[in-house]
1. What are the residues in the stretch 262-301 that are free of Cβ contacts under 8 Å to residues at least 12 places away in the same chain and open to solvent by less than 60 Å² (accessible area, probe 1.4 Å), if any?
2. Report, by residue number, each residue of the stretch 39-61 that is within 13 Å of residue 74 (Cα to Cα) and in contact with a Pro (Cβ under 7 Å, 6 or more places away or on another chain).
3. Take the stretch 146-171 and flag every residue that is more than 14 Å from the ligand (Cβ to nearest atom) and not in a loop (DSSP other than H, G, I, E, B).
4. For the stretch 204-241, how many residues meet the condition of being open to solvent by 30 Å² or more (accessible area, probe 1.4 Å) and within 16 Å of the ligand (Cβ to nearest atom)?
5. Could you please find all residues in the stretch 1-25 being hydroxyl-bearing (Ser, Thr, Tyr) and in a helix (DSSP H, G or I)?
6. Of the residues 170, 194, which single one is under 28 Å from residue 35 (Cα atoms) and not hydrophobic (A, V, I, L, M, F, W, C)?
7. Condition check: in contact with a strand residue (DSSP E or B) (Cβ under 8 Å, 6 or more places away or on another chain) and buried (at least 17 other Cβ atoms within 10 Å of the Cβ). Does residue 187 satisfy that?
8. Please identify the pairs in which a residue from the stretch 118-142 that is among the charged types (D, E, K, R) has its Cβ atom under 9 Å from the Cβ atom of a residue that is within 12 Å of the ligand (Cβ to nearest atom), counting only partners at least 6 apart or on another chain.
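The values are calculated or read from the model by the stated rules, or taken from the named source; none is laboratory data. Here the structure is a predicted model, which is why all the values come from computation and not from measurement. Methodologically, a virtual Cβ is constructed for each residue, glycine included, from the backbone with ideal geometry; neighbour enumeration extends over all protein chains shown. To get the accessible areas, we keep the full protein, side chains included, count just its heavy atoms, and leave off ligands, DNA and RNA. Shrake-Rupley method; radii C 1.70, N 1.55, O 1.52, S 1.80 Å.
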Amino acid sequence: MSESVQASDVRRVVVLGAGTMGQGIAQVMAQAGYVTHLYDVDAARIGRAIESIKQATDRLVQKGKMLNEARSELIGALVPTSDLAQACSDVDLVIESAPEQMELKVGLLREVKALAPERAILGTNTSSLSITEIGTRTAAAARTIGLHFFNPPPVMELLEVVRGLGTDEGVVATSLAIAKRIGKTPIVVNDMPGFATSRLGVVIGAEAMRMLESGVASAEDIDRAMELGYRHPMGPLKLTDLVGLDVRLMILEHLHREIGEQFRPPAILRQMVRAGRLGKKSGEGFYRWTESGPVPIAHKR
Ligand SMILES: NC(=O)c1ccc[n+]([C@@H]2O[C@H](COP(=O)([O-])OP(=O)(O)OC[C@H]3O[C@@H](n4cnc5c(N)ncnc54)[C@H](O)[C@@H]3O)[C@@H](O)[C@H]2O)c1
C-alpha cells in the first residue's frame, strides 16, 4: 500500500451521509477551509442539510459570532453531490456518517475504497461499532480510523480518535493534526465497543429511561436532577432526543451483544422508536420539540 496522506496535504474531504451528524461535520470541515463534498443516498437530505447550514451560519453572522466573509468561504467550500465516484476521485479524507449498521458501513466504505485514491484516509463517525472489523472487512485496516464527533459538531469540542488494531500510526498522527486544524480537542482511544464516550453516555441514558418507565420522576425532573445536581449541561433524556432514539437504540443493541446485560435496551425506547418518536429530528421524543425548544410531555407508564 502507498503512504496515506499527510495532514498538510489534506485538501479534499467527502462526508458520507447528510443526516444529523453528517451535516454538522460538513460544516466544521468547510469552515476549516477543506473542500467538502457532502453525499447522501437520499438527494433530498443533501439539499436540506445545505439549507440548514446556510441558516445556522446566517444566525451566527447576525449574532456577530462569524464574519460574513468567513460564512461565504464556508458555503463556497461545500459541494453537495449525488455522484459518489466524482466526489471520491481525488479525495484525501473520507468521513462516513451513515446509519449505525455494520453491514451498511462496510458496504459503503468498500464502494468508496474502490473509487478513492490509495492515499485517502477512511474515517468513520461510528459511535460504537468496531473500527478493526470495518478496516478488516474493507481490506483497508491501515487507513481506517474512528473519527467520532459529538452532537452538534460545530459546537462540541471533543473528537474521539479511535485506533483499530491495524490502524497505521501515521494515520493516527494525521487525524490528530486535522483535529487541531478544525478546532477540536482530540483523545485517542483503542478500539473497544462504545469507545470511551458512548459506553458511559448510553448507560446513563438507558438508566434514565428505566427510571421514567418505573415512575421515579417525570422526564424533566430526571433531566433536572443531572443538570442541577451533577452539572451535566443537558439531562440524559433531552440528550437522547438530540442524538436520536433510533441511533441510541442501535448503539445499545450493539453494546448489549458485545459487553452484556447492563446495555439491554429499555422497552420504552423500542416502543418509541416503533412509533416513530425519534426525538428532535422527528419533532417528538421524550419532549416535544418546538421552534422555541423542548416542551415536556406526559409519558404513559
Ligand atoms: N446522532 C448523534 O448524536 C451521533 C453522535 C455521534 C455519532 N453518531 C453516529 O453518526 C452516524 C450517523 O448518525 P446520524 O445521527 O447522523 O444519523 P441520521 O439518521 O440522522 O443520518 C444518516 C444519514 O445517512 C444517510 N444514508 C443511509 N444510507 C446511506 C448510504 N448508503 N450512503 C450514504 N448515506 C446514507 C441517510 O439518508 C441519512 O441522511 C451513526 O454512525 C451514529 O452512530 C451519531
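1. 276, 282, 283, 290, 293, 295
2. Passing the criteria: only 50.
3. If the condition is that a residue be more than 14 Å from the ligand (Cβ to nearest atom) and not in a loop (DSSP other than H, G, I, E, B), then 163, 169, 170, 171 are the ones that fit.
4. Residues in the stretch 204-241 being open to solvent by 30 Å² or more (accessible area, probe 1.4 Å) and within 16 Å of the ligand (Cβ to nearest atom): 6 in total.
5. 8, 20
6. Only one candidate passes the filter, namely 170.
7. So residue 187 fails the test.
8. Between residues of the stretch 118-142 that are among the charged types (D, E, K, R) and residues that are within 12 Å of the ligand (Cβ to nearest atom), the close pairs are 133/102; 133/106; 137/102; 137/106; 137/109; 137/110.
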